[in-house]
1. Just checking, how many residues over the range 92-117 are closer than 29 Å to Glu48 by Cβ, of a type in the set (Gly, Ala, Ser) and loosely packed, with under 10 Cβ neighbours inside 10 Å?
2. I'd like the full set of residues that are in contact (Cβ under 8 Å) with a residue 12 or more places away in the chain, polar (S, T, N, Q) and under 20 Å from Glu8 (Cα atoms), limited to the range 80-109.
3. Identify all residues within the range 73-105 that are closer than 16 Å to Gln118 by Cβ and in a strand (DSSP E or B); write none if there are none.
4. With of a type in the set (Gly, Ala, Ser) and closer than 20 Å to Ala72 by Cα as the only criterion, which of Ala110, Ala87, Ala106 stands out?
5. Listed residues Leu62, Leu45; which is touching a residue at least 24 places away in the same chain (Cβ under 8 Å) and within 29 Å of Ala106 (Cα to Cα)?
Amino acid sequence: MPCWGLAEAVERADEAAIDAAVSAAAALTPDEVTTVVLGCTHYELVAERIRAAVQRPGRPPLVLHGSAGAVAAQALRRLGRQPAPGATPHGSLTVLLSGREGPLPATALAYAEGRLLQAVTPAG
């Protein structure tokens, strides 16, 4: 699915722009599509909206493939670490904004994932 500003709209939590970008992309998606690769980690924040826009009546359920898991796996590889899904969570969250430490952006709270992060570090 092409971006057409979707990642930027998601980052700004701009509901109208998200709806417009998802609608534009869905209108160009052939009816027979049954699988969509979400090529940007931002897209996963609005995955259900994408699914609702692209799913065609009478067609098999749309399958979405995200990229966040692959991005996390690559980060672990670069750190020389192995995934440990059963590990006890520990540590803290550091937010970097243009390379500088900062608060969790308020727009992050528009998404469930951002609200989960807030439980680790309050938005300032």
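1. 1
2. Passing the criteria: only Thr107.
3. Within the range 73-105, Val95, Leu97, Gly102 meet the criteria.
4. Values: Ala110 fails: closer than 20 Å to Ala72 by Cα; Ala106 fails: closer than 20 Å to Ala72 by Cα.
Of Ala110, Ala87, Ala106, the one residue that is of a type in the set (Gly, Ala, Ser) and closer than 20 Å to Ala72 by Cα is Ala87.
5. Selected residue: Leu45, the only one of Leu62, Leu45 that is touching a residue at least 24 places away in the same chain (Cβ under 8 Å) and within 29 Å of Ala106 (Cα to Cα).
Read-outs throughout are calculated quantities, based only on the coordinates presented, and are distinct from any laboratory measurement. Everything numeric here is computed off the predicted structure, so don't read it as measured data. Neighbour counts run over all protein chains shown; Cβ positions are idealised from the backbone, glycine included.
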